[in-house]
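Quick note: the coordinates plus some simple rules give every number you see, no bench work behind them. Bear in mind the structure is a predicted one, so any value in this text is a computation, not a measurement. Here the Cβ positions follow ideal geometry from the backbone for every residue, glycine too, while neighbour counts run over all protein chains shown.
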Amino acid sequence: MNRRSLLVAPLILAAPSVWAAPVKKPVPKPKLIALDPGHGGRDPGALGYRGTQEKGVVISVARDLARELQAHGRYRVMLTRSSDTYVPLRERVARATDAKADLFLSIHADAHPDNDVRGASVYTLSEEASDREAAALAARENRDDSSVAPSSVVARTLVAMAQRGTVNDSCRFADTIVGTFGKSGILLLPRSHRKAGFAVLTSPDIPAALVELGFLSNPRDEKILTVRQHQMALARALRASIDSHLAPKSSPTRKA
Ligand code: ZN
């Protein structure tokens, strides 16, 4: 090869790339959101002042939220139960883990011996409960389930979660829900983000929170929790929380 052809050769080699089809950027798969409507089947969950069952309220809100999330194809959604069936807590965790969900939200409504207590609250996993009420709530939500994780499993999960960053991510998600509820005019309990050993929040790979939408034991909360308009408002606020939590860190947060 003479000196001239050496100079020309790179040009010839480079030329085809000008005409090559543009390299397609891989389209990221929409995030998979696991929604976990509490209780179901033989387990009605909390009972309202006038007899409303928690299991019916929470699946209604979960279905609304699933529709909100699936609109425009922005997310994929899975429900740990889609009908009035009993699904053990360990099975709910397994379903979300096997599906490789990116975020887990358990949806509940509470009851309290004091009928005046009302408002929503959000919980994340902790070995030590943040307060006695949170500990009692976790005991209620874990009740009637032979698959409940012993405290050693909670402790082991927290170590694994800390290594993967899912503890902080779960807390950030819970705080985002509290903030969005506040902005949406949804009444909150004081100290709205609390912590306890919830068996359903023990997937080490998935940032997870549990929301209590209000108190069925309070007549006003019970009434609004059965009104479709309020259920849809809750679903919209939860969708906005998920949008905000999953929004790229560098870009401004999407509005509700
Ligand atoms: Zn519940």
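Compactness of the stretch 161-247 is given as radius of gyration and Dmax, 13.9, 43 Å, from Cα positions.
Quarter the surface of the alpha carbon convex hull of the stretch 192-234 and you get the mean projected area, 4.2 square nanometres.
Using every pair of distinct Cα positions in the stretch 110-179, the Kirkwood expression returns a hydrodynamic radius of 13.8 angstrom.
With the simple spin-label model, which puts each label point 7 Å out from Cα in the Cβ direction, the R220 to E128 separation comes to 3.5 nm.
The simple Förster model, with R0 at 25 Å and r as the Cβ-Cβ distance, assigns M232 and R76 a FRET efficiency of 0.75. From most to least packed by mean Cβ count within 10 Å, the peptides 201-211, 104-114, 174-184 give 201-211, 104-114, 174-184.
Here the relative contact order of the stretch 28-246, from alpha carbon pairs under 8 Å that lie six or more residues apart, stands at 31 percent. Over the chain, the pair-distance histogram of Cα-Cα distances with 5 Å bins from zero comes to 1, 6, 13, 17, 18, 15, 9, 4, 2, 2, 2, 2, 2, 2, 2, 1, 1, 0, 0, 0 percent, rounded to whole numbers.
For the stretch 98-226, the convex hull drawn through the C-alpha positions has a volume of 116 cubic angstrom per residue.
Ignoring lysines fewer than eight residues from K29 along the same chain, the ones with Cα atoms less than 25 angstrom from its Cα are K100, K249, K255.
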